[in-house]
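Step one of this worksheet: look at the structure below.
Where a number appears in this text, it was derived from the coordinates with a stated rule and is not lab data. Just so you know, these numbers come straight off a predicted model, no measurement behind them. For neighbour counting, all protein chains shown are included, and Cβ atoms are generated from backbone atoms with ideal geometry for every residue, glycine included.
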Amino acid sequence: MNTNELQSILESFSYPAYHEIPDVGLYLDQVVKYINSYLRDFPEMQITGSMVSNYVKQKLISSPHKKTYSRDQIAGLIFIATAKTVLSMDHIRMCLSSLDQFDSIESAYEAFRSMLHEVLSSLMDSSHHIVCAATDSPTSQALENIVITVAHKMYLERYFEEYRKEMQEASKNDDSQS
């Protein structure tokens, strides 16, 4: 395994800035090609037209206007393409429904984009590695990243469970006040 090549791929990965996402209205096949062009080194994250149609049916993103997708919808699809590798669709729905905590879809997307870039850039930085009894080999780095991913997944599972309970409780309170 060429560690330099891996580091280069991770450090150079970047989604477009929000203002760089086309806002002329792209058709489904254009949206898929556009998003997948950023994911060529990560085929497991790529999307298909059927997937996008299912996200619309599941109301993860709004329906296209005159069969075209807006900048906001494309930004949402970029988030979904990334998050689907570690989150269930139900958890992605919760994330998307909590976007009101941001000033705009643009600010939410830019926060996501910059955090992802920062974390990817730091993955190969040995000063950020956890203390591990194993050597600093590529295999031990992979093990470390598995552990970090699992730990984050464990955290997110509990976070979404608590979030679901809070939303159910709030719904009960709203119903009892009606």
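Structure above, values below:
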{"read-out": "Kirkwood Rh and Cα Rg combined as Rg/Rh, segment 1-91", "value": "1.00"}
{"read-out": "Of Lys33/Lys59; Lys67/Lys172; Lys66/Lys153; Lys33/Lys153, pairs whose Cα-Cα distance is over 32 Å", "value": "Lys67/Lys172; Lys66/Lys153"}
{"read-out": "Residues of segment 83-115 with amide N under 15 Å of the 7 Å Cα→Cβ point at Asp174", "value": "94, 97-101"}
{"read-out": "Amide N of segment 35-69 lying under 12 Å from the label point, which is placed 7 angstrom from the Cα of Phe13 along Cα→Cβ", "value": "38-46"}
{"read-out": "Table column - 3J(HN,Hα) (Hz), segment 23-40, Karplus curve with 6.51, -1.76, 1.60, x for Gly and Pro", "value": "10, 8, x, 9, 6, 3, 5, 5, 4, 4, 5, 4, 5, 5, 5, 7, 10, 4"}
